[in-house]
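Scroll down for the structure; my scribbles are underneath it.
The values are calculated or read from the model by the stated rules, or taken from the named source; none is laboratory data. Because the structure is predicted, anything quoted here is derived from the model rather than measured. FYI the Cβ positions are ideal-geometry reconstructions off the backbone, even for glycines, and counts take in every protein chain you see. Note: areas computed on protein heavy atoms with side chains; ligands, DNA, RNA excluded. Shrake-Rupley method; radii C 1.70, N 1.55, O 1.52, S 1.80 Å.
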Amino acid sequence: MDGLLLDSETLAMDALAEAGTDLGYDVPLAFCRGMIGMPADTCRQMVHDTYGTDFPLERFFALQEEHLRRYVDSDRLVLKKGVTPLLDLLDRLSLPRAIATSSSRYRTDHHLELVGLLTRFDAIVTRDDVTRGKPNPEPYLTAAEKIGIAPEACLALEDSHNGARAAHAAGIPVIVVPDLLAPTEDVRQKAMAIVDDLDHVRHWLEQAHA
């Protein structure tokens, strides 16, 4: 969802940095980007390891949520290039689709409803629906199960390193559409393709189903 369907990662990074400033800490954007695609517990551990156990962890992430909600509710949340045409194609081809996201159920439903996408997916798997988040394959395996498609017959679309790793671990071919992070070497080797935007994915699907 974030960084692939929604242009939300920049907002999330800005919200983290602003939360740090509120608490009197310098939280650089470079550090914040290291959290992209990470499970919540991993993000918390990263902050503890960097800023120490005295860091007000829960207040930090609560402030981030407040700032992000303010950004989103101020019409700063927009779709990534090619989202609507791709979903329209999936409708025409009658192809089921699911979201497997590291975001919470609350944030996921709120953001998707705001941009009009909440009803356009057959299943939505959030971090609240699994015991192990990306890069563990559980989110993708759960999503495939919910739409009734074998993992090897699915196609994953990912922007994050851990998301691509999770899809690969689930046995799902993955196309990487980078957002804020350039693909690592291991992601490049495991990806079926790396493309600039979802329009490229749509063209590929159109040719595959011609």
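Between the Cα long axis of helix 105-114 and the first principal axis of the chain there is an angle of about 70°, rounded to the nearest 10. With a cut-off of 14 Å between beta carbons, the residues surrounding Asp197 carry a summed charge of -3, where Lys and Arg count +1 and Asp and Glu -1.
Helix content alone sets the calculated 222 nm mean residue ellipticity of the chain: runs of n ≥ 4 DSSP H residues at -39500 (n - 2.57) each, divided across all residues, give -14500 deg cm²/dmol.
A simple rule links phi to the HN-Hα coupling: the Karplus curve 6.51 cos²θ - 1.76 cosθ + 1.60 with θ = phi - 60°, which for the stretch 35-46 gives 8, 4, x, 8, x, 4, 5, 5, 4, 5, 5, 4 Hz, with x for Gly and Pro. The Cβ shell under 9 Å around Ala98 holds other residues with a net charge of +1, Lys and Arg each +1, Asp and Glu each -1.
Remark: C-alpha extents of the stretch 8-73 on the principal axes read 32, 24, 18 Å, sorted largest to smallest. DSSP beta bridges fully contained in the chain are about 10 percent antiparallel. So, with a 1.4 angstrom probe, what is the percent of accessible area on the chain that is carbon and sulfur? Result for the chain: 50 percent of the exposed heavy-atom area is carbon or sulfur.
Applying the Karplus relation 6.51 cos²θ - 1.76 cosθ + 1.60 with θ = phi - 60° to the stretch 94-103 yields 3J(HN,Hα) values of 6, 9, x, 8, 9, 9, 10, 10, 8, 7 Hz, where x marks Gly and Pro. With q set to 0.12, 0.13, 0.16, 0.17 Å⁻¹, the log10 of I(q)/I(0) for the stretch 83-209, from the Debye formula over equal scatterers at the Cα positions, is -0.42, -0.50, -0.79, -0.91.
Between the helical axis of 198-208 and the longest alpha-carbon principal axis of the chain there is an angle of about 20 degrees. Under a Gaussian network description of the chain, with springs only between Cα atoms under 10 Å, the residue in Ser102, Ser74, Ser160 that fluctuates furthest is Ser74. For the chain, the longest principal axis of the Cα atoms and the long axis of helix 9-22 meet at an angle of about 10 degrees. For the listed peptides 60-69, 165-174, a ranking on the average number of other beta carbons within 10 Å per residue, highest first, reads 165-174, 60-69.
Using the Cβ of Leu180 as centre and a radius below 9 Å, the other residues enclosed give a net charge of -2, where K and R count +1 and D and E count -1.
Computed over protein heavy atoms with a 1.4 Å probe, the accessible surface of the chain works out to 48 Å² per residue.
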